[in-house]
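Structure first, then comments.
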Amino acid sequence: MPTVPDARPDPDPRDIKRWRRYLADEKAEAAVYRDLAGRRTGEEREILLALAEAEGRHEAHWRALLGEHVGKPMPGDIRTRILGFLARRFGSVFVLALAQRAETRSPYPNDADATAAMGADEKIHEEVVRALATRGRNRLSGTFRAAVFGANDGLVSNLALVLGISGSGVSNQIVLLTGMAGLLAGALSMGAGEYVSVRSQRELLEASTPGTDARDAVGLLDVDANELALVYRARGMTAEEAEVRAAEVLKHNNFGTTDVEDTHESVGTGLGAAAASFCFFASGAIIPVLPYLFGMEGVAALIVASVLVGIALLCTGIVVGLLSGGPPFKRALRQLAIGYVAAAATYLLGMLFGTSL
């Protein structure tokens, strides 16, 4: 049980200010976890409420240090308040990913007024939230992967196509028709490819799922011979592990009910992935065409198309960074750089071939 510190008789005003900030942040973070717990059930709800309780212990530490200097309640920092707003309204994996990053920014390990246990708590909280966020990432990984990569492919490939054909010096009408053709061709290709890919994954998983005939035969097996152990040895277990596992299955007659869990869910469905890939590729590919659809021409159209695509690439990069738990702005700048390099190379090639024709 952590000890509660005694209030200092005459703390430095700078310490009071820092402690009050910590106190406000702990209250806000506890509220975030309670809001997230309110949108969940079962084990996840219990875990989130336990995190809120831990933040409450930290809050008590700073309250005890402050003593009579607690003062009026302060709001948490802007990032925690935004997180709380999102938690109250969405409670999605995006919020958990943001909470995961928030836990990495704890100042406690370098603050002499925080206990070593508090610093350790924050590091463990990061791993707990990471595990919760991973559950959500697994649930949406198939469709989300198709959506994000579809949007990025649409943005980069069609910007490169539009800039390349524009660099060759053709008319505005040809650039527009080329861009629309690239949109349709790419979206159809992406959708079909994603359907085949995900469908093939699911078929491979289905081929690895225990058959119903074997499941029905478990109750008739000779317990002394225990042929079921061979199944688990074939799956990579040692002989001893296989015997233990087979004995457990024979006892409860639950062969095949716990060996393949949530794998199909994490892969997604073929139609869902294909539809997401088609729609998001099209939504990305339409952006570089917009200036031409509105009648813009020449350098002005190129600049507007490039700026619009750049903004979209930054947005998708931030989303990928948040969901992956990585630095969002670094991912955003990386995607922006890759997209612009590809588009610039294609534009230069278009100019080269245009002048040679």
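Structure notes:
- Matching entry among A151, A185, A160, A147 (being modelled with pLDDT of 80 or more and under 16 Å from the mean Cα position of the chain (by Cα)): A151
- Exclusive hit being at pLDDT below 75 and loosely packed, with under 15 Cβ neighbours inside 10 Å, set L293, L220: L220
- Close pairs from segment 110-125: first over 20 Å from L49 (Cβ atoms) and outside the structural domain of L98 (by TED's automatic domain parsing), partner at pLDDT 85 or above and basic (K, R), Cβ under 9 Å, at least 6 apart: none
- Hits in segment 111-128 - residues which are among the small types (G, A, S) and surrounded by fewer than 13 Cβ atoms within 10 Å (Cβ to Cβ): A112, A116, A120
- Any hit, segment 55-62, residues being touching a Gly at 6+ places or on another chain (Cβ under 8 Å), assigned by TED's automatic domain parsing to the domain that holds V129 and at pLDDT 85 or above: no
- Each residue in segment 53-83 was checked for being charged (D, E, K, R) and under 23 Å from P13 (Cα atoms), and 5 pass.
- Any hit, segment 86-108, residues being of a type in the set (D, E, K, R), modelled with pLDDT of 75 or more, within 23 Å of I124 (Cα to Cα) and not in a helix (DSSP H, G or I): yes
- Criterion (β-branched (V, I, T) and over 20 Å from L98 (Cα atoms)) met by exactly one of I338, I318: I338
- Residue in segment 129-144 that is modelled with the lowest pLDDT, counting only those that are crowded, with 20+ Cβ neighbours inside 10 Å and under 30 Å from G76 (Cα atoms): A133
- V175 meets all of the listed conditions (1) at pLDDT 85 or above; (2) within 35 Å of the chain's Cα centre (by Cα); (3) surrounded by 19 or more Cβ atoms within 10 Å (Cβ to Cβ) but one, namely (2).
The values are calculated or read from the model by the stated rules, or taken from the named source; none is laboratory data. Because the structure is a prediction, the values reported are computed rather than measured. Glycine gets a Cβ as well: all are built from the backbone with ideal geometry, and neighbour counts include every protein chain shown.
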